[in-house]
1. What ranking do 120, 210 get, fewest neighbouring Cβ atoms within 10 angstrom at the top?
2. Once a ≥ b ≥ c are taken as the square roots of the eigenvalues of the Cα gyration tensor of the range 146-195, is the result rounded (a/c under 1.5), prolate (a/b larger than b/c) or oblate (a/b not larger than b/c)?
3. How would you rank 170-180, 218-228, highest first, on the average number of other Cβ atoms within 10 Å across their residues?
4. To make sure I understand, if each residue's beta carbon is the centre and we count other beta carbons within 10 Å, what order do 43, 32 fall in, fewest to most?
């Protein structure tokens, strides 16, 4: 089935516009352009934020999209944490329901199979960290549309599991073996959360590019926190060879330690006078 190009305008005004060679595009550019997109990577790589941003922006552009939460590795950063926002903006989220909302597979496997067989919608699958989470994909290999699927590996070289290109190449090898799906594109997402600087982003891209050259897999995008995008130096970006889209991310999911503590209510008098 041939899918129409859907270009979602997520541009930010600023100096980086001068070096956006391919533009910031989701679904019509080089991210989420297939009917089924698998987003894989080591835990802490940022794959959940990328899956969420992609699903929301596609839905905002009028595309029918289903997001599948297969993150069975790290509970703090699951797509299901944003389920209210996803529902309000028209994204179907496949997760365990009711009292099983924080449970894991195989509860939702039949629903995932149904979504993969449905040719009328885009499907984004947020896969749990590294090869442990990717193992779940192996059980779905018989319903994957082999001619209309992409597997994006998200790389954050500031995480312990991927310090350099050697680590990333080993992760690609393990993921492909257990998932039975070839990695088709790399997403450079090196960051330090609120401490991310342009230098961190540029260093991550260089390592992702080295990984891509050695693996024979293209770097299809550089994703950055929205507030960092305009601080990238256009000249440095051009010299660094970032010819792929540079895409700002909205931070959607936060770990529990960053959430505001619940309001503490005190019942009764503070003091009792005798």
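1. In order of increasing Cβ crowding within 10 Å: 120, 210.
2. Here the range 146-195 falls in the oblate category.
3. Taking the mean over residues of other Cβ atoms within 10 Å, the ranking is 218-228, 170-180.
4. The most exposed by this proxy come first: 43, 32.
Only the coordinates and a few stated rules stand behind these numbers; no lab work does. Fair warning: this is a prediction, and the values are worked out from it, not measured in the lab. Virtual Cβ from ideal backbone geometry, glycine too; neighbours counted across all protein chains shown.
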